[in-house]
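Asks: I'd like to ask some things about the structure below.
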Amino acid sequence: MPEAVEIDAARLAGVANCAARLRAEIGKLVVGQREAVEEVLTAVFAGGHVLLAGPPGLARTLLVKTLAEAAGLSFRRIQFTPDMLPSDVTGAEVFVENPATGERELAFLPGPIFANLILADEINRTPPKTQAALLEAMEEREVSVGNRTHPVPRPFLVLGTLNVVDSEGVYDLPAGSPQLDRFMLKVITGYPSRAEEDEIIERTTRNWKAEVRQALAPEELAAAQAAVRELAAPPSVMEYAMELARLTRPQESDAPAFVREHVSWGAGVRASQFLLLGAKARAAMDGRGYVSRADVRAVCAPVLRHRIIPNFHAAAAGFVPDRLAAMVLEEAEARRLARFPIGKRLARLLRKQGDGHGY
């Protein structure tokens, strides 16, 4: 195991300061959505990709564009359609005339994927071949065109959306699929409160525009991402993150009864990795030099909700992924308490309380 690196207080304060500046700039334009903003920033500082979900018209595009502007990142939006080709995303090799020699030669013309921040709109509306071009860039941080590979700019972040309304012209990406597994978090934007909606209407129906300034440089963000990865996590927290992921797998011998009954497939190894990485990001964004189980619990739902596949019986009984993730959290806490003699009674009470809520 690699040796833990001690992160000095100044670097942690720098990460927290970067996060605070980004929150302030995003808040100038995005009303409400505090939980969604916090989860997106967690993924940004962890260097992970985000899948945005929720009803239309809830500021997802505005959030991404404002984030790019505030972080000084180059931004491109790719609207996926059924007739798109991989070269529409990655770019292509074309013949151009060399002005010095007058001869025609092959040159690479970069596509929209060559930007720091990509908004990939309606990924499931494009064929698998085009999806694969995006997924290669997300995983490898490079694209292949012909017999050459071209690195994408760093930092590189993809925030994608799915079309969940239409059934025609849609190439389904089921929960737990390898495509969705590459997204660190699935962030849900919900409807605003009455007061927030009143403010949104008031802002957007008059000549008003907040000025978003660049709050940090891309190099600062890259340094903050490096600091997050170098932040040491106690073995107990690493074990806790791994246990949460393993508890979702019905094939495990010690899987909870509700998982064996209601889950077809659980979360893979990436879930363990992203639970710990998300916890590190939250700790660093808070200026803390330690990672706690509370940080892991905070990212549990967005990490697991697109990795748990409920079976038919679960769907019929209303066991949606978020509910199953909450039940896994309760089970992990009950098992942790049960390891101590004084905690066995508390563990029984916790399970009993869960049963009272239909768990």
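The values are calculated or read from the model by the stated rules, or taken from the named source; none is laboratory data. Please read all numbers here as calculations on a predicted model, not as lab measurements. So basically every Cβ, Gly included, is an ideal-geometry build from the backbone, and we count neighbours across all protein chains shown.
Asks: If Ala9 meets every condition in (1) within 30 Å of Ala226 (Cα to Cα); (2) of a type in the set (A, V, I, L, M); (3) modelled with pLDDT of 90 or more apart from one, which number is that one?
Replies: (3)
Every residue, every condition in (1) over 26 Å from Val152 (Cβ atoms); (2) without any contact (Cβ under 8 Å) to a residue 12 or more places away in the chain, yes or no:
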{"residue": "Ala20", "(1), (2)": "yes, yes"}
{"residue": "Val31", "(1), (2)": "yes, no"}
{"residue": "Ala36", "(1), (2)": "no, no"}
{"residue": "Leu109", "(1), (2)": "no, no"}
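Asks: Moving on. Output the qualifying pairs, or none if there are none: Cβ atoms under 6 angstrom, residues six or more apart or on different chains, first residue in the range 289-301 and assigned by TED's automatic domain parsing to the domain that holds Ala326 and free of Cβ contacts under 8 Å to residues at least 40 places away in the same chain, second residue among the acidic types (Asp, Glu) and assigned to a helix (DSSP H, G or I).
Replies: Ala301/Asp322
Asks: Output the helices (runs of 4 or more DSSP H) that fall wholly within the range 1-75 and possess 1 or more residues being in contact with a Phe, Trp or Tyr (Cβ under 7 Å, 6 or more places away or on another chain) and not aromatic (Phe, Trp, Tyr), or say none.
Replies: So the answer is 9-29, 60-71.
Asks: Among the strands (runs of 3 or more DSSP E) contained in the range 117-217, which hold 1 or more residues that are touching an Asp or Glu at 6+ places or on another chain (Cβ under 8 Å), assigned by TED's automatic domain parsing to the domain that holds Arg60 and not basic (Lys, Arg)?
Replies: 142-145, 148-151, 157-161, 185-188
Asks: A further question on this structure: Could you tell me which of the residues Thr61, Thr101, Thr66 is surrounded by fewer than 21 Cβ atoms within 10 Å (Cβ to Cβ), of a type in the set (Val, Ile, Thr) and under 30 Å from Arg203 (Cα atoms)?
Replies: Within the list Thr61, Thr101, Thr66, the selection yields Thr61.
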